[in-house]
Structure formats: C-alpha cells, structure tokens
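Notes follow once the structure below has been shown.
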Amino acid sequence: MAALPVGLVQSPSQPVTQEASLPPAVDAQLSQSLASEIATISPELTSEQTAQLQSIKAELEEICQVAERVPGCSDAGQLHHLGSLHFGVHCVDDVADFVYVAPLRVPVETMPRLVQQLLMERYPGLRTSPATPVVPFDAIGLCLTLRGVKVTLLFSQKLPRVPEGNPMPQLSAFHALEAEQKILATVSSTENFSRLLRFVRHWAKQRGVHGSLFGFFTGMAWALCCARICQMKPFASLAKLTSTFFRTLAMWDWRTPVQLLQNG
C-alpha cells in the first residue's frame, strides 16, 4: 500500500516485443489452467472469512462515526477498503487495510486516540500501535488485531483544494485510495486484473521481492505494473496477460517509470 501521484498517467515510449499468437483453444486452456493454479496457490477468501471482514469493517466504521460525532451535526465519514481488499486480491494472512475519510469539521489527528478509547471499552486489553512505521507513507492511523484479524486503520480527509508543498499526513491515505480507484478505472476487466495481480503478488512474495522494507515494490507498485499490462492488452486472456507481464517488465528500461496509459 503506497500513495502514488494520481497524475502518473502519461505513457513512456517503451517498445514491447511481439509475441507469437496461440490458437484460441490452446490459449483458453492455458488460461483455465492458470486460473486453477492461482486459486490453489493464492486462494480467495471463503464466505465465512469475507463475512468476518465485513463485520469488522461495519464495527470499525460505527466506532469511527461515534468518535467524530458532534451534537447538531448529521454528516458522517465513511470507511473504505484499501490495498489488497480494494483490489480484490486479499488472502487470509494479509493485513486488512482500511481508511476512514472523515468530514472536514473533524480534526483527524485526534481520531486515533478517540477510536482507541472506544475500542478499549469494547475489547479490554486490546493493544494498538501507530500506523506510521508500518505503512510506506506518512499517514495517521492505528494498527491492531481485532477478532484474530490484523488491521491497519488509517484516517484521512478530502480537501476541496490540496495545499502545495509537502503532502499532509491527514491527506495521504485518501490519496492512496484515490490512486487505487484510478488504477481500477483504467482496466477493461477487473477480474483479469485481480487474477493477474494475485498471481504476481504470490510470485513476488515467494521470491522475496515484495514490500518496501528492503527496497522492493509495494503492493501498489505491483498493482500499477499489472494495470499497465492490462491497458496494453485490454482484450487479452489471463495467460496472455501473464506472459506479457513478465516479458515486458523483464526488458523494461527502469530509468523510465511505469505509468498508466493516457487513454487506458
């Protein structure tokens, strides 16, 4: 999860080698086999696990809305999925990332303390920690384990005008959410995008090249790469997308950033 400039939408002039086309029947069979393999090595959440996350999300949203409540004000913030949950690639061992976008009247810097107090009333002994050392950008939030699920809860706002200069911590998480929404809006098939990203995340984690701790790509960066490939091949099968992903990035001139195509 990382905040990327939403304006990264220009296309670098990077040549891509042509690949031999497979017969449609072979391509379909390869895609089906790959989809089955992805479901095995990186399974989607079960209905029970999904229901548990939905329940946790609802409870956290309720607590955040109570924390921000002011007599006489009816407007309320909203809790959003972030990261793997937002991209549809969440696995059972992943941290569940959320961002609460609060109304402008709320001083966001006070939210972690207020939410922590409300959580402690419901769950005595619950331990929380600041989110800043965990997320790869400066943001306001908490890390905790709720009902056996590791959670990162960030707090942010949407300003009508973004001040120039260094990004403000209370805006960072919303910028990350906005960047993820833009990525999803640029792909023609969110299903193929999510499957490709799920496979790439597993591949990267197995080879120890996932995460910013040691200087490798974050989940957002891998998502951006997958979205770029999906833009280049909007009607390609899963097998074709996977092949194009590795062929293209293996030859990429990394002096040029990977960016979304303007007309994706």
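Summary of computed values
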item: Which listed residue is at pLDDT 95 or above, within 28 Å of CYS91 (Cβ to Cβ) and surrounded by 18 or more Cβ atoms within 10 Å (Cβ to Cβ), from VAL151, VAL135; result: VAL151
item: Positions within region 99-130 being in contact with a helix residue (DSSP H, G or I) (Cβ under 6 Å, 6 or more places away or on another chain) and farther than 16 Å from GLU68 by Cα, in sequence order; result: LEU126, THR128
item: Single condition LEU34 does not satisfy, out of (1) open to solvent by 60 Å² or more (accessible area, probe 1.4 Å); (2) farther than 22 Å from PHE174 by Cβ; (3) in a helix (DSSP H, G or I); result: (1)
item: Extreme residue, surrounded by the fewest Cβ atoms within 10 Å (Cβ to Cβ), among residues of region 178-219 that are within 27 Å of SER33 (Cα to Cα), among the aliphatic types (A, V, I, L, M) and touching a residue at least 24 places away in the same chain (Cβ under 8 Å); result: LEU184
item: Yes/no for GLU121 being at pLDDT 95 or above, surrounded by 15 or more Cβ atoms within 10 Å (Cβ to Cβ), part of a helix (DSSP H, G or I) and of a type in the set (Asp, Glu); result: no
item: Any hit, region 56-70, residues being open to solvent by 50 Å² or more (accessible area, probe 1.4 Å) and within 23 Å of ARG195 (Cβ to Cβ); result: no
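So that you can scan it fast, the table gives a plain yes or no per residue for (1) at pLDDT below 95; (2) of a type in the set (Gly, Ala, Ser); (3) part of a helix (DSSP H, G or I):
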| residue | (1), (2), (3) |
| --- | --- |
| VAL6 | yes, no, no |
| ILE38 | no, no, yes |
| GLN52 | no, no, yes |
| SER74 | yes, yes, no |
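The values are calculated or read from the model by the stated rules, or taken from the named source; none is laboratory data. These figures come from a predicted structure and were not determined experimentally. Every residue, glycine as well, gets a Cβ built from its backbone with ideal geometry; the counts of neighbours run over all protein chains shown. Protein only, heavy atoms only, side chains kept; ligands, DNA and RNA dropped before computing areas. Shrake-Rupley method; radii C 1.70, N 1.55, O 1.52, S 1.80 Å.
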